Structures are given as structure tokens and as C-alpha cells.
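S.K.: I'd like to ask some things about the structure below.
The values are calculated or read from the model by the stated rules, or taken from the named source; none is laboratory data. Quick caveat, the model's predicted, so the values are computed rather than measured. Neighbour counts run over all protein chains shown; Cβ positions are idealised from the backbone, glycine included. Side chains are part of the model used for accessible areas, which takes the heavy atoms of the whole protein and leaves out ligands, DNA and RNA. Shrake-Rupley method; radii C 1.70, N 1.55, O 1.52, S 1.80 Å.
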Amino acid sequence: MTGGPEALHQLVDHMNKLGLPAYITYLPFGKSANTPEPYLRYTAPIADYEDAAGNLIIFPEVYPQLANKVRHAKAAIWWLSLENFLERRHIWPLHDKVRYIKRVLQGKRPLRGARSLKHMIHFSQTQHATDYLKQCGIEPVPLIDSINEDFLNDTHLEFANTKQDIILYNPNKGKKVTDKLIAANPQWQFVPLKGLNREQLSEKLYAAKLYIDFGHHPGRDRMPREAAMHGCCLITGVLGSAGNEVDLPILKRYKLDSSAPEFVAEFSQLASDILANFATHYRAFDNYRDYLKNEPKIFRQQISDYFLQTKE
């Protein structure tokens, strides 16, 4: 129940609504499975895995070796993240390389990285992944996703004037950095987002003024987008897809380098200003929210531009 699987269900849904017969196939292949309840909203019929001529099988980037086993159908990879493919956590470069080699030995990653996947079709969700793929001699097709469209309207912003001095964070993302910030700012209420269903998550996002994310941002993460559409301000790091202005198009002042010497002081000063002058900072994210509202349209257009044109 994470962003990647939801993006895959959205893709199948949009393709079917464009008249392109598409199906979702669950792992492990050959074992029956039911669609998770939150994804029943999507037109995503289940089909058995079928490596047959005339089929296109799209794999998420974390299963490149399964894509390599395709013999009769066309294989494609949708790069919903880069860090998750590279096993990169931005903690220590050698540690990341060891993690990747371990996956190679397990038969889960190609030894030469994406360079050995050139024969496939590649779709990219981020500029971050696109830059990497181009370095590997691959020109990917842009294919972004959107957050749940229920969140892409102004009804979720009606709570902006009742927000409290609460700072939300995902305990699975950038935990060491966040722990440091919590220890340095005992005067504020930091609330982890975990073990919540969609309604409970919305309640938390409604109540808070600020969402922070100093994780490795493997793709265009959903939580910052959902937080913004619930009226939260954001402070993020600069790792992964957060490091450019395409994948996370917010003002630079809200992106802080967690490796900088003055990071903790800079965060404390900015967070304090956001909590004290929320209305001003809230308006600084208006353009970002407008962009997020347009994502489903961009997603559908990209699907149409590639698949319908290719079909013709």
C-alpha cells in the first residue's frame, strides 16, 4: 500500500478509459490475489502473467530481472524511483554499493545497472531518473503519476485557518535527520505518520501546519504532495528527486541540505517562522498546489501521446 503500486493501478485505469485494454498482474505470478481495497476505485482488472507476442508487460524498476526474462512479449520498465533501483540511501556511498552488489548476487539487479536494459522500453516518472537513464544511453518516455484525485480539489484546504502548531513526518523517511531535529526542538509537537488508513491520514494532515521530509526521495513521493493538498507547508531535503525544480517544484527556501553545518539552526528558524506566520507561507505553495491539480491531465496526455500514437 504505497505510492508505486497505486501509480501502477492508475496507469491501468487511465489506459482502459482511453480504450487501451490493460490489466494488473500481481506477484508472485501464478498465485491468485485480490485487488487491495483502496485500489478498487480504479478500473484495473486482474490478469494472469502472459509472456506472449503482441503483449506489452510494464514492470516497476525494482523488478528489472523479471523484465529481462521476457522472451515473446515486449518488456518495459517504469522508473517510479531511482534510489530504490540503485539501493541508494545517501548515508554512505560504499554502503550503497554493497547493497547493490548484494542484490546482483541475489539475482535481483543487473551487474551493469540500467546499461544492460537498453533493449527495453523505458518510462520515467521523474527528471531525476531521466538524467540517470540518459547517462546510461537510454532516452526514456516521460510518464508521471498523480496523487489520489479525491485530494486534488480545494475542499481539503478549508481547514487551513484552523491548523495547529504540529509538525508531521514519515518515520520511514530520513529518520536520523528527523530525530536530530526533534531533539533540538522539544518545544514543538512532532507527530509521525504511521499505521493510518486514508481517513486518519487526512485528519492528521488537516490539523498540521508543516510536513517535513528529509528522506532520499526515490521518486515523486506522494506524501509531500498529499500534505500540500491538505494545506500543509513543506520543508524537505535535497536528496533524490527533491534535488531539482522539476520533480518537486517548490521554492528553494523550503529545501534544506541536511548535511550542511548550519542545517539544524536553519530548520529551526524556518519552521518557527512557518508556525508563527502560517498564512504567508501557506500562500507560497499556491503555485505548487495548482501544479498538482494539473497532474492527472498531464498523466493522461502522456499516456495518449505515447500509446495511442504507437498504436496507430
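S.K.: Under 5 Å between amide H atoms, partner at least 5 residues away or on a different chain: which partners does VAL191 have, H built in plane at 1.01 Å?
M.R.: ILE167, LEU168, TYR169
S.K.: Using a basic spin-label model with each label point 7 Å from the Cα along Cα→Cβ, how many nm lie between GLN187 and GLU37?
M.R.: Using points 7 Å along Cα→Cβ, the separation is 4.3 nm.
S.K.: How far, in degrees from 0 to 90, does helix 286-303 lean away from the longest principal axis of the Cα atoms of the chain, to the nearest 10?
M.R.: Helix 286-303 sits roughly 0 degrees off the main axis of the chain.
S.K.: Under the rule of at least 5 residues apart or a separate chain, name every residue whose amide H is placed under 5 Å from the amide H of PHE59.
M.R.: Placed amide hydrogens put ALA76, ILE77, TRP78 under 5 Å from PHE59.
S.K.: If Lys and Arg each add +1 and Asp and Glu each add -1, what is the summed charge of the other residues whose beta carbon sits under 10 Å from the beta carbon of LYS293?
M.R.: -2
S.K.: Expressed as an acute angle from 0 to 90° and rounded to the nearest 10, what is the orientation of the C-alpha long axis of helix 3-17 relative to the principal long axis of the chain?
M.R.: 60 degrees
S.K.: Hey, what's the range 149-294 come to in accessible area per residue, 1.4 Å probe, Å²?
M.R.: 45 Å²
S.K.: Label points 7 Å out from Cα along the Cβ direction at GLN106 and GLN269: separation in nm?
M.R.: The answer from the label model is 4.3 nm.
S.K.: Taking R0 as 22 Å, what FRET efficiency do you get between THR162 and ASN197 from their Cβ-Cβ distance, rounded to the nearest 0.05?
M.R.: So, using R0 = 22 Å, E works out to roughly 0.50.
S.K.: Taking a ≥ b ≥ c as the square roots of the eigenvalues of the Cα gyration tensor of the range 149-294, is the shape rounded (a/c under 1.5), prolate (a/b larger than b/c) or oblate?
M.R.: Cα axes put the range 149-294 in the rounded bin.
S.K.: Here's a follow-up. Could you work out how far apart the two model spin labels at VAL246 and ARG115 are, taking each label as a point 7 Å from the Cα in the direction of the beta carbon, and quote it in nm?
M.R.: Inter-label distance under the simple model: 2.2 nm.
S.K.: Of LYS118/LYS252; LYS102/LYS173; LYS97/LYS293; LYS17/LYS163, which sit over 28 Å apart, Cα to Cα?
M.R.: Violating the 28 Å limit, Cα to Cα: LYS118/LYS252; LYS97/LYS293; LYS17/LYS163.
S.K.: Next up: Please list, in order along the range 47-63, the HN-Hα scalar couplings obtained from phi with the Karplus expression 6.51 cos²θ - 1.76 cosθ + 1.60 (θ = phi - 60°), rounded to whole Hz, x for Gly and Pro.
M.R.: Going residue by residue, I get 9, 6, 5, 9, 7, 10, 4, x, 8, 10, 10, 9, 9, x, 5, 7, 10 Hz, with x marking Gly and Pro.
S.K.: A follow-up question, please. By how many nm would the segment from ILE298 to LYS176 grow when fully extended, if each residue of separation counts as 0.36 nm and the alpha-carbon distance is taken off?
M.R.: 40.4 nm
S.K.: Compute the angle between helix 198-207 and the longest alpha-carbon principal axis of the chain, please, reported from 0 to 90 degrees and rounded to the nearest 10.
M.R.: Taking Cα atoms only, the helix is inclined about 30 degrees.
S.K.: In whole angstrom, note down how far apart the Cα centers of the range 169-221 and the range 134-151 are.
M.R.: Cα centroid to Cα centroid, the span is 25 Å.
S.K.: Apply the Karplus parameterisation 6.51 cos²θ - 1.76 cosθ + 1.60, with θ equal to phi minus 60°, to every residue of the range 233-239 and state each ³J(HN,Hα) to the nearest whole Hz, in sequence, with x for glycine and proline.
M.R.: Values, residue by residue: 7, 10, 10, 10, x, 10, 7 Hz.
S.K.: Checking the a/c ratio against 1.5 first, then a/b against b/c, what shape does the Cα gyration tensor give for the chain?
M.R.: Taking the square roots of the gyration eigenvalues as a ≥ b ≥ c, the chain is prolate.
S.K.: Also: Highest mean first, how do 107-114, 144-151 rank when packing is the count of other Cβ atoms within 10 Å averaged over residues?
M.R.: Output ranking for 107-114, 144-151: 144-151, 107-114.
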